[in-house]
1. Quick one: which residue in Arg89, Arg37 is more than 16 Å from the ligand (Cβ to nearest atom) and open to solvent by 10 Å² or more (accessible area, probe 1.4 Å)?
2. Which residues, taken from segment 82-108, are outside any helix (DSSP H, G or I) and among the acidic types (Asp, Glu)?
3. Looking at (1) more than 21 Å from the chain's Cα centre (by Cα); (2) not in a loop (DSSP other than H, G, I, E, B), which is the only condition Glu279 fails?
4. Just to check your reading of the model, which residue among Ala169, Ala136, Ala174 is touching a residue at least 12 places away in the same chain (Cβ under 8 Å) and in a loop (DSSP other than H, G, I, E, B)?
5. Could you pull out every one of the strands (runs of 3 or more DSSP E) wholly within segment 333-381 that has 2 or more residues that are farther than 28 Å from Lys51 by Cβ?
6. Are there any pairs with C-beta distances below 6 angstrom linking a residue in segment 244-273 that is among the hydroxyl-bearing types (Ser, Thr, Tyr) to a residue that is surrounded by 15 or more Cβ atoms within 10 Å (Cβ to Cβ), with the two at least 6 apart or on different chains, and if so which?
7. Can you give me the ranges of the helices (runs of 4 or more DSSP H) entirely in segment 382-442 with at least 2 residues that are touching a residue at least 60 places away in the same chain (Cβ under 8 Å)?
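The values are calculated or read from the model by the stated rules, or taken from the named source; none is laboratory data. No experiment lies behind these values; they were computed from the predicted model shown. With ideal geometry, Cβ positions are generated from the backbone for all residues, glycine too; neighbour counts draw on all protein chains shown. The accessibility values were calculated without ligands, DNA or RNA, using every heavy atom of the protein model including side chains. Shrake-Rupley method; radii C 1.70, N 1.55, O 1.52, S 1.80 Å.
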Amino acid sequence: MATSFDVIVIGGGPGGYVCAIRAAQLGLSVGLVEKDRMGGVCVNIGCIPTKALLHSAYAANLVRHAAELGITTGEVKTDYGVAMKRSRRIAETNSKGADFLMKKNKIEVVKGVAKLKPGRKVEVAKAEGGTVVLEAKRAVVIATGSRPKDIPTIGLAFNGKTIFSSTEALLLEAAPKTMAIVGAGAVGAEFADVFSAFGTQVSLIEALPRILPVEDAEMSDVVAKAFKKRGIAVHAGAKIEKAQVKPTGVTLSFESGGKKETLDFDCVLVAAGRAPNVEGLGLEEAGVKLEKGFIKIDATCATSAPGYYAIGDVAGPPLLAHKGSREGMVAAEAIAGHQPQPIDYSNVPGATYCHPEVASIGLTEEACQERKLDYVVGRFPFSASGRARTSGETEGLVKIIRGKKYGEILGAHIAGAHATELIHELAVARANEYTVEEIELAIHAHPTLAEAVAEAALDSLGRVVHI
Ligand code: FAD
């Protein structure tokens, strides 16, 4: 086994493995240290298995309404264990895919726990036993990701049985009867969707005034309405005072809308954020500085210590796979001596895959107001889209916020079917500084959901056709 490489990447998640591939494409020799499975959180216990479960949830709800489509079924029964096993198989296939990509790109994967040593050296406690010291001729890239955070101060400490993180929720054999989900960001909202479809009585509890708090308020409203219609209890602006763990479950006391509630649940899923994996890495000895708990990086993902780079969740928000992958490419190119295009962090799409989906890019209307920008809003509801009607998915809207003077796209927000796919037209537009006129100029096929994007652009110009 080689021990000297141009680049050593620590962590095989979407940040680390993409960085390793890009470095190899640029002719550098690469060693990648991973203590667990290739693919990181995203592939194994994040993006991929949740989307597999969300597809099962979507199918369950579709079948429940099959009669409207002229299809008669018997009683609809769901089995979370079966859906969970399917999601594990998909995660495993993707992880093996990452293994294959490492081989294809001649990247040496070292299985074990890495720790930085002075002089761009990395000590690995190997999974098979023993240690090895690797040396990076050019750079070490830290891509160690993040882990779920619990809230022990109010009694919500993970115990793996009744209070758990997304990881345990993904591995449950059966859907519980009742569940409180604390935190209604993307992860909380996605699990609320999944468990409710599998028959769990879900209460979604969010401290901020609305669910999906980073999204535009109108999008939060669409999801809150849809969730309530499906029987999910949504408590926004709710402050949990105490969690009491009992042998059979958890009692939560919280205040919501001036009303005190004390409710019993079989279990609580805490989806209240993630902590970067910075401990035990030897960052201090290497001179790698932190900022607000995350590794501080510059526009090329270089840290405060020469020859050390950081990417992905460990390098700060947004904690999204595609942000980490792009940082991985930028870091690899900088290490190879290129001048990569700096990342435009204001142009990273957000995507939440509950039903209806939510996707966004750029500023929310609230942010435009805070910045006192002169803007015009264009909206198009899916209820007015022929294509949305054909599939019976008429909830939601496309909202485009344009600058009043120049027509630039300040922000775009979609809540509705396939929002996470539709957003990319607007991502391309914003990345290339297209105006709303240029969006509309491109002929959109009929009937498609994408027509709603063109119509929202037209609406912002006062020329909407189909409403
Ligand atoms: P990670 O994926 O966390 O990978 C880090 C890797 O480093 C791990 O494999 C770990 O084992 C390894 N490692 C850590 N320390 C060491 C060490 N000392 N030595 C060796 N190896 C080490 N993002 C999206 O964009 N879209 C989604 O739909 C989405 N869904 C999500 C759903 C859930 C339930 C969760 C929890 C997250 C989701 N995310 C999603 C976030 C996404 O998973 C992360 O942003 C992404 O995985 C971060 O990639 P990364 O490479 O920075 O780190």
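1. Step by step, each of Arg89, Arg37 is checked, and only Arg89 is more than 16 Å from the ligand (Cβ to nearest atom) and open to solvent by 10 Å² or more (accessible area, probe 1.4 Å).
2. Matches in segment 82-108: Glu108 only.
3. It fails just one condition, (2).
4. Ala174
5. 375-381
6. Close Cβ pairs (under 6 Å, with a partner that is surrounded by 15 or more Cβ atoms within 10 Å (Cβ to Cβ)) amount to Ser256/His235; Ser256/Ala238; Thr262/Ser253.
7. Output list reads 386-390, 419-431.
Let's see how each residue does on (1) modelled with pLDDT of 95 or more; (2) of a type in the set (Asp, Glu); (3) crowded, with 20+ Cβ neighbours inside 10 Å:
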residue: Ile401; (1), (2), (3): yes, no, yes
residue: Lys404; (1), (2), (3): yes, no, no
residue: Gly416; (1), (2), (3): yes, no, yes
residue: Glu421; (1), (2), (3): yes, yes, no
residue: Leu449; (1), (2), (3): yes, no, yes
residue: Val453; (1), (2), (3): yes, no, yes
